[in-house]
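Shown next, in structure tokens, is the structure this report addresses.
The values are calculated or read from the model by the stated rules, or taken from the named source; none is laboratory data. Small disclaimer: the values here were computed from a predicted structure and weren't measured. We place every Cβ from the backbone using ideal geometry, glycine too, and count neighbours over all the protein chains shown. Quick note on the areas: whole protein, heavy atoms, side chains included, nothing else; ligands and nucleic acids left out. Shrake-Rupley method; radii C 1.70, N 1.55, O 1.52, S 1.80 Å.
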Amino acid sequence: MAGSSNKFMTLEDLKAAFSLFCSVCGVGSLGLPGNYARAGYFWASFGFFFMAAANTYATWCISKVMLVAPNTIFTFGDLAEWSMGKGGRYVTTLAQTVMCTLLPIVFLVLGGSLLVVLFPASFSQTTWIVLMGITLLPVCLIPTLKEGAGAAAAGCLGTIFADGIALYLLISNMNESNVQNVSPPQPAIGFESVTTVFGNLALAYGAGIMIPTLQREHSDPARMPRLILITMFVICSFFLIVSILGVFLTGCQTPSNLLFAVANSNLGFTADRGFVILSFLFMQLHVTIAFAVVIFPVFQIMERIVLRMHIYDLTTSAGGDIETPAIETPGATNFHEEKPAFANHIDPADAYRVPGAYIKAATLRTVMVVLCVIVAVIWKDHLSSLMDFVGASSSCTVCMILPIIFYNKTFWNTSPVWEKAIGAVFVLVTVFLAIYVSIKTGKELFAPETKDPSILFPLCPAKYQKVAFTNMTHYSPGRALFEF
């Protein structure tokens with residue numbers, strides 16, 4: 001293995017950092033300003049920095065474990081089995097499957113909402129969701145998605161442009177409004193409003209499952225832990241900028257989704273329609289790409305479990321490319337055994353060349369897409385709760401809780417007491433919040449309550465829930481509003 005370079009960042013480091021950034025920058029960024037609108041500056045900032053620290057530490061933990069793991073470890077599931085045994089792989093695979101199944105449903109709901117705004121007075125949201133499923137199905141039937149990195153980069157740029165345009169429209173139009181002599185109202189802060197930000201933050205951060213692949217592809221893996229810290233700092237800085245710019249002029253009247261803050265006139269202004277459409281198109285680009293990229297691992301998991309495809313003998317190939325529980329085969333290599341890197345790699349597309357295999361796989365994938373569409377239609381009116389539920393129920397498990405457990409299991413005898421304590425605090429707090437927010441948002445998804453359509457800003461005190469705070473006709477002139 002090549003020795004570590006003395007350069008601060010090599011070209012290979014930059015490529016890995018860019019891939020990591022692209023895997024994180026997605027739909028979760030849309031809800032970041034809403035976190036501040038829900039919990040206020042102090043508590044939202046506290047939650048933001050706690051989650052930033054926990055996610056950065058968890059991601060770093062994966063890299064450190066990978067440095068001591070055998071060369072047979074290629075995927076997150078491999079790492080789970082090596083550190084925690086078969087049970088670890090099963091738990092990890094289940095959590096990853098849930099996450100990679102619910103995220104495409106989020107994309108369908110968000111995409112349907114975007115298309116309703118892009119093409120008003122046309123189809124309903126339900127129809128748009130169904131049409132999205134139909135148009136995405138041909139991509140989902142491609143046997144493998146080898147250009148995942150390029151697709152992730154395109155999706156990431158779509159998110160950055162969508163966020164940037166939306167922030168520009170929000171700030172410029174609010175500055176043109178009469179906000180010089182009035183401050184945005186503060187939210188009605190409570191335990192529920194503060195803890196709920198956890199779901200969105202857990203969804204926003206989600207780099208853990210990428211680390212094993214990135215690290216195995218790096219020619220000098222010893223550089224990865226430092227590279228991760230630098231990249232996560234950049235990611236957190238970007239998220240913080242989006243959060244503050246999206247809330248400081250609108251306070252608790254900031255919608256839970258940044259794009260919808262500029263799509264209607266609830267805040268007292270009508271944004272330029274062309275820029276609104278452009279912002280929505282960029283996010284629709286991200287949603288379309290991300291759907292296929294995220295759901296492909298689930299396709300291969302289900303094909304292995306249901307159709308018994310992608311089962312390889314590790315003594316002759318690098319069959320650890322599929323994130324599923326390993327199937328016992330005679331003479332198969334144990335993950336705990338040290339051995340040189342594989343010389344031969346299996347092409348996952350070979351599994352579909354077996355007579356009749358592709359037809360079965362295509363049928364299974366079609367059924368899975370149809371199920372995603374059905375669930376998306378059922379939850380189409382609960383986008384915010386759905387995003388929080390996904391973040392709290394699965395994303396935090398895969399990208400925060402499990403990595404720290406893997407690290408402690410691997411380095412328990414050598415790590416200092418203070419590091420064990422930090423890891424324990426992160427895990428315990430995360431588990432508590434994950435359970436609480438999952439139950440809270442789960443109730444909104446499975447047993448929703450009827451909402452008052454006249455309430456436009458539910459995060460605000462009752463006084464400011466129905467009319468924009470800039471409406472000086474409604475709020476008497478000279479009347480002091482609470483500082484946000």
Subject >> Meets criteria (of a type in the set (Val, Ile, Thr), free of Cβ contacts under 8 Å to residues at least 12 places away in the same chain, out of contact with any Gly (no Cβ under 9 Å at 6 or more places or on another chain) and over 24 Å from His382 (Cα atoms)) for Val417 >> reply: yes
**OP:** Please give the number of the condition Ser4 fails out of (1) in contact with a Leu (Cβ under 7 Å, 6 or more places away or on another chain); (2) modelled with pLDDT under 85.
**Re:** (1)
Subject >> Unique match (being in contact (Cβ under 8 Å) with a residue 12 or more places away in the chain, in a helix (DSSP H, G or I) and either within 26 Å of Ala69 (Cα to Cα) or open to solvent by less than 30 Å² (accessible area, probe 1.4 Å) (or both)) among Val427, Val377 >> reply: Val427
Original post:
Out of all the residues in segment 441-451, is one or more in a helix (DSSP H, G or I), hydrophobic (A, V, I, L, M, F, W, C) and farther than 19 Å from Gly251 by Cα?
Top reply: yes
Original post:
In segment 78-99, what residues are touching a residue at least 24 places away in the same chain (Cβ under 8 Å) and closer than 22 Å to Met368 by Cα?
Top reply: Tyr90, Val91, Thr92, Thr93, Ala95, Gln96, Thr97, Val98, Met99
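Within segment 193-206, take every residue that is surrounded by fewer than 24 Cβ atoms within 10 Å (Cβ to Cβ) and at pLDDT 85 or above and give me the one that is farthest from the chain's Cα centre (by Cα). Don't jump to the end; show me each part of the working.
Pass one, segment 193-206, residues surrounded by fewer than 24 Cβ atoms within 10 Å (Cβ to Cβ): 193-195.
Add one more test, that the residue is at pLDDT 85 or above, and what stays is 194-195.
On the way: Val194: 20, Thr195: 18 Å.
Per the stated criteria, the residue is Val194.
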Subject >> Sole residue being at pLDDT below 80 and assigned to a helix (DSSP H, G or I), chosen from Ala166, Ala152 >> reply: Ala152
Original post:
Could you count how many residues in segment 380-422 are within 20 Å of Ala204 (Cβ to Cβ) and not in a helix (DSSP H, G or I)?
Top reply: 1
**OP:** Report yes if Glu419 is among the charged types (D, E, K, R) and more than 30 Å from Ser265 (Cα to Cα), otherwise no.
**Re:** yes
Subject >> Pairs with Cβ under 7 Å, 6+ apart, first in segment 247-272 and within 20 Å of Phe161 (Cβ to Cβ), second open to solvent by 10 Å² or more (accessible area, probe 1.4 Å) >> reply: Asn257/Leu383; Asn257/Ser384; Ala261/Pro255; Val262/Ala271; Ala263/Val117; Ala271/Asn173
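Being in contact (Cβ under 8 Å) with a residue 60 or more places away in the chain, over 20 Å from Trp60 (Cα atoms) and surrounded by fewer than 24 Cβ atoms within 10 Å (Cβ to Cβ): is that true of Ser219 here? Write out each step before concluding.
On the way: in contact (Cβ under 8 Å) with a residue 60 or more places away in the chain: yes; over 20 Å from Trp60 (Cα atoms): no; surrounded by fewer than 24 Cβ atoms within 10 Å (Cβ to Cβ): yes.
For Ser219, the condition - in contact (Cβ under 8 Å) with a residue 60 or more places away in the chain, over 20 Å from Trp60 (Cα atoms) and surrounded by fewer than 24 Cβ atoms within 10 Å (Cβ to Cβ) - is not met.
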Original post:
Looking at segment 237-272, which of its residues are part of a helix (DSSP H, G or I) and open to solvent by 20 Å² or more (accessible area, probe 1.4 Å)?
Top reply: Ser237, Phe238, Leu240, Ile241, Ile244, Leu245, Phe260, Ala263
